[in-house]
Amino acid sequence: NRIPFGAAQNVSEHPGGDYNPLFIYGPSGLGKTHLMHAIGNAIVERYPNLKVMCTTSEKFMNLFIESIRKRQGELFRNTFRNINELLDNNKQIVLTSDTMPNDMDQFEERLRSRFQAGYVATMENPDLETRIAILKALVEKENNKNRNLVIDNDAINYVALQFDENIRVLQGAFNKLIGTASLEQRTSSIDLEYTKKTLSDIITTER
């Protein structure tokens, strides 16, 4: 994921530049929203005079319906300018989606082509090495809370190997493991055998 990360860094340093709009594509649970928030936070920190807005498609639609109901169309238009107008005025746009622009059949071709006109960055599932690093970071985070959490490397590698769909699923497995260990007062000695037993009900095919 170095490419989407690099594109995000470029946008945070040069908003309204070469990567506009930046379209971040990938399946659910890979960190697209985290990356988008990181861009916004970095821009606010680097350019405190700029305004940053982050919204979901659901919230956008609800506000649109509410503006019609209250007859506040002009206020809505002033809040969310037309995409072409934003781009023409070098306003940075970042979009995240689990659907590629060319597969968005419900949108007009004019919008789909605009989404693709900037840069489309694809988020990929983390590889085994990255998943192991994520789990070790989660262990460190737990220990920073003054928990005596000790997990064997074999146990960590096992969890990373079994749960490769996305980061949310990986973190869910980790939470189940340490949650169960906490209830059974086993947090200081989580080995491979205990990990296999604890996670057996959520593993369909063992790798």
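The values are calculated or read from the model by the stated rules, or taken from the named source; none is laboratory data. Just so you know, these numbers come straight off a predicted model, no measurement behind them. Because the Cβ atoms are built from the backbone with ideal geometry, glycine has one as well, and the counts that use them run over all protein chains shown. Ligands, DNA and RNA are excluded from the accessible area calculation, which covers all protein heavy atoms including side chains. Shrake-Rupley method; radii C 1.70, N 1.55, O 1.52, S 1.80 Å.
In nm, to one decimal, how far is the modelled label at Glu184 from the one at Gln9, with both set 7 Å along Cα→Cβ?
It works out to 4.3 nm between the two label points.
Show which lysines lie in cross-link reach of Lys91 when reach means a straight Cα distance below 23 angstrom and same-chain residues fewer than eight apart are skipped.
Within the straight-line cut-off, Lys91 pairs with Lys32, Lys51, Lys59.
Please work out the C-alpha center-to-center distance from region 145-207 to region 37-57 and express it in whole Å.
Region 145-207 and region 37-57 have Cα centres spaced 36 Å from each other.
Lys196: which lysines have alpha carbons under 26 Å from its alpha carbon, excluding same-chain residues fewer than 8 sequence positions away?
The qualifying lysines are Lys136, Lys141, Lys145, Lys176.
Name the GluC sites (Glu not before Pro) in region 60-160 that are in a loop by DSSP and that have at most 14 other C-beta atoms within 10 Å, would you?
Here the GluC sites (Glu not before Pro) that fit, given the DSSP loop and packing criteria, are Glu108, Glu124.
In a Gaussian network model over the chain where Cα atoms closer than 10 Å are linked, find which of Met123, Met61, Met100 has the largest mean-square fluctuation.
In this elastic network of the chain, the residue with the biggest mean-square fluctuation among Met123, Met61, Met100 is Met61.
Using θ = phi - 60° and the Karplus form 6.51 cos²θ - 1.76 cosθ + 1.60, what ³J(HN,Hα) does each residue of region 41-53 get, whole Hz, x for Gly and Pro?
Residue by residue, region 41-53 yields 5, 5, 5, 4, 6, 7, 10, x, 7, 8, 9, 10, 10 Hz.
Check each of the trypsin sites (Lys or Arg not before Pro) in region 35-99 and keep only those in coil by DSSP with at most 11 other C-beta atoms within 10 angstrom; list them in order.
Lys51, Lys70, Arg71
Using Cα springs under 10 Å in a Gaussian network model of the chain, which residue among Thr99, Thr130, Thr55 shows the largest mean-square fluctuation?
Thr55
Taking the alpha-carbon set of region 61-158, what are its Rg and Dmax in Å?
Over region 61-158's Cα set, Rg and Dmax evaluate to 22.3, 62 Å.
If you find the alpha carbon centre of region 1-19 and of region 60-94, how far apart are they in angstrom?
24
Once the chain is represented by equal point scatterers at the alpha-carbon sites, with solvent omitted, what log10 I(q)/I(0) does the Debye formula produce at q = 0.12, 0.18 Å⁻¹?
Treating every Cα as an identical point scatterer, log10 I(q)/I(0) equals -0.78, -1.18.
How large is ³J(HN,Hα) for each residue in region 166-173, as worked out from phi by the Karplus curve 6.51 cos²θ - 1.76 cosθ + 1.60 (θ = phi - 60°), to whole Hz, x for Gly and Pro?
Taking θ as phi minus 60°, the curve returns 6, 5, 4, 5, 4, 5, x, 5 Hz for region 166-173.
Filter the trypsin sites (Lys or Arg not before Pro) in region 101-133 down to the DSSP loop ones having no more than 10 other Cβ atoms within 10 Å, then list what survives.
Those that pass, being in a loop and sparsely packed, number zero.
Scan the chain and hand back the longest stretch that contains none of the chymotrypsin sites (Phe, Trp or Tyr not before Pro) lying in DSSP loops with at most 16 other Cβ atoms within 10 Å.
After excluding every exposed loop site, the longest remaining stretch is 108-207.
Give me the accessible area per residue for the chain, probe 1.4 Å, as a whole number in Å². Don't skip to the end; give the middle numbers.
Working: 13400 Å² over 207 residues.
Ligands and nucleic acids excluded, the result is 65 Å² per residue.
Once phi is turned into ³J(HN,Hα) by the Karplus curve 6.51 cos²θ - 1.76 cosθ + 1.60 with θ = phi - 60°, what whole-Hz value does each residue of region 85-101 show in order, with x for glycine and proline?
Taking θ as phi minus 60°, the curve returns 5, 5, 5, 4, 9, 6, 8, 5, 10, 10, 10, 10, 7, 9, 10, 6, x Hz for region 85-101.
Which residue fluctuates most in the GNM of the chain (Cα springs below 10 Å): Ile190, Ile68, Ile43?
Ile68
Restricting everything to alpha-carbon atoms, can you work out Rg to Rh for region 1-91 with a Kirkwood hydrodynamic radius?
1.01
Report the full-extension gain for the segment Glu140 to Val169: residue separation times 0.36 nm, less the Cα-Cα distance, to one decimal in nm.
8.6 nm
Per DSSP helix of 4 or more residues, -39500 (n - 2.57); summed, then divided by the residues of the chain. What does that give at 222 nm, rounded to the nearest 500?
Helix-only estimate at 222 nm: -16500 deg cm²/dmol.
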